[in-house]
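Colleague: Quick one: this structure, given as structure tokens, is what I'll be asking you about.
Here, each number is a calculation from the coordinates, and none is a lab measurement. Keep in mind the model is a prediction, meaning the values are calculated, not measured. Every residue, glycine among them, receives a Cβ derived from its backbone with ideal geometry; neighbour counts consider all protein chains shown.
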Amino acid sequence: MPSEAAVPAPGQPIRRELGPTLRKHADALICVGLVLASLLVGIVQVPKHSMVSPIDEYVYIDAVAKVPTQLVVRQGEEVGDFARRYLACHSVRLIGIYPESLCAAPTTDDDAEYPNEGRTTADIYVPLYFATTWLLAQPLTWFGVDLVDAGRSVGALWLALAAVALFLALRRLAIPRALAAALPVLLVGSLAAYWSNTYISTDATALAAGSVLLLTAVRVREGSASPWWFGALSVLFVLFKLQNIVAVLAVGLFLMLCAIREVRGAERPVSAWLRHRWVWASALTVVVAALAQIGWVVLRRVLAVDLGVRQGVDSDLSATAIAREFFKFLPGAATGASAPEALGLAAVFIGGVTALLVVGGVIGVIGARRGLSAASNLGVATLVVSALSAPILALVTVIVAGEFVPLVPRYGMSIVPIAFACVALLFQRRRWVQVPLLVLSLVLFAASLTIEG
């Protein structure tokens, strides 16, 4: 029987009793909406792709097609007939058209007609992404969808994971609901999502990596998750693609900065900070992730059937070239894999608004919030890692491959959800911004569906 205090007085609304339940349901409904929006991106955009993406999709199609027969594509291996035929008959978006005679040819044996003399460049990746894509694509192929479109559609699942994880992270950071919904909607409609989650692309996991690792770090900071979860998920995402380590570095630095506040007042603060489990867990995570990739490099060399392909994209190593790398990921990673104007008017507005918000959010939250607060720590971590990770990755390439290859901005894509979180924290107390930003995000999302391609 309910206590006397639990019974509302005559005429008293019961909203107080139902409020928490309704709020919980509201968050769940928003998560469902974000999943549906992500799936809609795939449903609308994938059928529009009449050509192959210029972002190496040709060799990724080959790697996915070979999963059931060999799983791993080896260094120096020739691209198979399935991917060659698909390239010849569909050509490459933004780059060029192959002659109809190549599509109609009875064989695809002429290596000179295909990129990289007919050999793959997908061997540099752990086959985890390709195997996952092939497996998740199978249900669609049972209903007559061809393997390429089915594989492209899998990107919508990664996008849904990214959007939901970002929303949940923002809610745990006490971001008001309208604002917490606005940023994931913007993420789903971003050019980064368009290029990486509607084609077969190893970048498909990048936005999910940033969102999931941010959510995990927030939970670690509040004590509801173990740092080991952060470590395990970090290694997993880095195995999907090495460049996801950018998100690992940003989130790890965020936890390290938060640990400074935790040890203030200790008798030996430096020693206490070094012993703090957030610090050593973050450092150990980076080491293990790096070792995992080194292990793959060694295995890849053992499995090689020939020398690797030189793609002719190397450049002269100079101080100026390295200096350019410092400004590669912010805001470039948020604007996709090509110049927005190549996709039309809608893309120009989407790319422009996204770039303004990312730069303004990261820098603004550093200046607007008190030092060592969660908000300022996240801003500092995002700014530092986005600036330093590109030149570091470029120099690592020089050491490993013996050539300097300027990085493309999309390699920093995993930091985009973290930068979006900075935007949310900047406007957390600005109620007049929140609903207009949600409306703007919905408009840009709708505009993203009109992009042709």
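Colleague: Under a Cβ-only charge scheme (Lys and Arg +1, Asp and Glu -1), can you give me the dipole magnitude of the chain about the Cα centre, in debye to the nearest 20?
Modeller: 2560 debye
Colleague: Moving on. Count neighbours as other Cβ atoms within 10 Å of each site's Cβ, and list the trypsin sites (Lys or Arg not before Pro) in region 210-269 that are DSSP loop with at most 14 such neighbours.
Modeller: In loop regions of region 210-269 (DSSP not H, G, I, E or B), the sparsely surrounded trypsin sites (Lys or Arg not before Pro) are ARG264.
Colleague: By residue number, which cysteines of the chain lack any other Cys whose Cβ falls under 4.7 Å from their Cβ?
Modeller: That list is CYS31, CYS258, CYS422.
Colleague: Next question. Give the Rg/Rh ratio for region 392-453, taking Rg as the radius of gyration of the Cα atoms and Rh as the Kirkwood radius, to two decimals.
Modeller: Checking Rg against Rh, the ratio lands at 1.21.
Colleague: Could you go through region 262-274 in sequence order and give the Karplus-derived ³J(HN,Hα) for each residue, using 6.51 cos²θ - 1.76 cosθ + 1.60 with θ = phi - 60°, rounded to whole Hz, and x for Gly and Pro?
Modeller: These are the phi-based 3J(HN,Hα) values: 5, 9, 4, x, 5, 4, 10, x, 5, 5, 5, 5, 5 Hz.
Colleague: Right, here's the next one. Between Rg and the Kirkwood Rh of region 239-342, both from Cα atoms, what is the Rg to Rh ratio?
Modeller: In region 239-342, Rg relative to Rh is 1.10.
Colleague: What's the long-distance tail for region 169-327, i.e. % of Cα pairs beyond 18 Å?
Modeller: 70 percent
Colleague: What does the charge count near ASP110 come to, summing +1 for each Lys or Arg and -1 for each Asp or Glu among other residues with Cβ under 11 Å from its Cβ?
Modeller: Neighbourhood net charge equals -3.
Colleague: Please report, in cubic angstrom per residue, the volume enclosed by the convex hull of the alpha-carbon atoms of region 258-308.
Modeller: Per-residue hull volume (Cα only) is 76 Å³.
Colleague: Please work out the ratio of the alpha-carbon Rg of the chain to 2.2 N^0.38 Å and round it to two decimals.
Modeller: The chain yields a ratio of 1.04.
Colleague: Still on this structure, please answer the following. Please list the radius of gyration and Dmax for region 350-432, considering alpha-carbon atoms only, with Å as the unit.
Modeller: For region 350-432, the Cα radius of gyration and maximum Cα-Cα distance read 15.1, 53 Å.
Colleague: Could I ask something else about it? Using the Cα centre of region 78-214 as origin and beta-carbon charges of +1 (Lys, Arg) and -1 (Asp, Glu), tell me which of ALA209, CYS103, LEU147 is placed farthest towards the positive end of the dipole.
Modeller: Projecting each Cα onto the dipole axis, the largest value belongs to ALA209.
Colleague: Now for a different question. Please quote Rg/Rh for region 61-154 to two decimal places, taking the Kirkwood radius as Rh and restricting both calculations to Cα atoms.
Modeller: We get a ratio of 0.97 for region 61-154.
Colleague: How many angstrom separate the Cα center of region 318-359 from the Cα center of region 409-427?
Modeller: Comparing the Cα centres of region 318-359 and region 409-427, I get a distance of 13 Å.
Colleague: What is the packing order of peptides 265-271, 392-398, taking the mean over residues of other C-beta atoms within 10 Å and listing the highest first?
Modeller: So the order, starting with the most tightly packed, is 392-398, 265-271.
Colleague: Whole-Hz Karplus ³J(HN,Hα) for region 360-374, in order, using 6.51 cos²θ - 1.76 cosθ + 1.60 and θ = phi - 60°, x for Gly and Pro?
Modeller: So the Karplus estimates, Gly and Pro as x, are x, x, 5, 6, x, 5, 5, x, 8, 10, 5, x, 6, 6, 4 Hz.
Colleague: What are the radius of gyration and Dmax of region 157-253, computed over its Cα atoms and given in Å?
Modeller: Values for region 157-253 (Cα only, Rg and Dmax): 13.0, 38 Å.
Colleague: Still on this model: Provide the net charge surrounding ALA181, with neighbours chosen by a C-beta distance below 12 Å and charges set as Lys +1, Arg +1, Asp -1, Glu -1.
Modeller: Local net charge: +1.
Colleague: Hey, can you rank 328-335, 34-41, 426-433 by average C-beta count inside 10 Å, highest first?
Modeller: Result, highest mean first: 328-335, 34-41, 426-433.
Colleague: Please state, as a whole number in µm²/s, the translational diffusion coefficient that the Stokes-Einstein equation yields for region 243-286 at 4 °C and 1.567 mPa s, with Rh defined as the Kirkwood radius across alpha carbon pairs.
Modeller: Rounded, D is 122 µm²/s.
Colleague: While we're looking at this one, here's another question. So, by mean Cβ neighbours within 10 angstrom, what's the order for 26-33, 274-281 with the highest one leading?
Modeller: Ranked by mean Cβ neighbours within 10 Å, highest first: 274-281, 26-33.
Colleague: Of ALA339, ALA374, VAL362, which is farthest on the positive side of the dipole of region 324-442, counting Cα position, with +1 on Lys and Arg Cβ, -1 on Asp and Glu Cβ, and the Cα centre as origin?
Modeller: ALA374
Colleague: Separation of region 57-135 and region 182-254 by C-alpha centroid, Å?
Modeller: 28 Å
Colleague: I've got another one for you. What 222 nm value per residue comes from the helices of the chain, counting each DSSP H run with n ≥ 4 as -39,500 (n - 2.57) and dividing by all residues, nearest 500 deg cm²/dmol?
Modeller: Theoretical 222 nm ellipticity from helices: -21000 deg cm²/dmol.
Colleague: Specify the angular offset, from 0 to 90 degrees and rounded to the nearest 10, of the alpha carbon long axis of helix 81-90 from the longest principal axis of the alpha carbons in the chain.
Modeller: Here the helix axis deviates by roughly 80 degrees.
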